[in-house]
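These notes are about the structure you will find just below.
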Amino acid sequence: MTTRLMRHLVVMGLLALSTSTSQAQEPVVATSLRIRWESDPPVHGLQTVCGRVSNDGPMSARLVRVRVEGLDERGGVTGRRDGNVFGEVSPMSIGRFCITMNAGAATYRVTIVGANWVAGPESP
């Protein structure tokens, strides 16, 4: 495994076991997807932003794209990265993501920038 992948797996494990130690936000998206995130303390000039996307709707979301933007004190964008939510986000479930950014932002803005919607299996 690469060091980066191992670092993401460790962060995901810590997310599941610990409470938030940093600022978090939960903006509501116009669809049935909701996002919740937190940022870890910077390490070696990098900062990891991880979170989960909840699906409250009746359709599954595939290839959910998340954008993390680093913001300065005035709200100006200092950096931007896009990433994918791991796997499909089925109805009434969650998907997780972790995106590594350069450290130094005053705060972050995390948004869902896209998803492919898939209808569930039809009943007989």
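The values are calculated or read from the model by the stated rules, or taken from the named source; none is laboratory data. If you're wondering where the values come from, they're calculated on a predicted model, not measured in any experiment. Neighbour counts run over all protein chains shown; Cβ positions are idealised from the backbone, glycine included. To get the accessible areas, we keep the full protein, side chains included, count just its heavy atoms, and leave off ligands, DNA and RNA. Shrake-Rupley method; radii C 1.70, N 1.55, O 1.52, S 1.80 Å.
Only one of VAL10, VAL66 is over 16 Å from THR111 (Cβ atoms), among the aliphatic types (A, V, I, L, M) and either outside any strand (DSSP E or B) or at pLDDT 95 or above (or both); which? After ruling out the rest, the residue left standing is VAL10. Checking each residue in segment 71-113 for being of a type in the set (Val, Ile, Thr) and either at pLDDT below 95 or assigned to a strand (DSSP E or B) (or both) picks out VAL77, THR78, VAL89, ILE94, ILE99, THR100, THR107, VAL110, THR111, ILE112, VAL113.
Identify, please: which residue in segment 64-97 is touching a Cys at 6+ places or on another chain (Cβ under 9 Å) and open to solvent by 20 Å² or more (accessible area, probe 1.4 Å) and is, among those, nearest to PRO42 (Cα to Cα)? By that ranking, first place goes to ARG96. Residue count for segment 33-55 satisfying the condition of being among the basic types (Lys, Arg) and on the phi > 0 side of the Ramachandran plot: 0. Evaluate the following for ASN116: is it out of contact with any helix residue (DSSP H, G or I) (no Cβ under 8 Å at 6 or more places or on another chain) and at pLDDT 95 or above? Taking the combined requirement at face value, the residue does not satisfy it.
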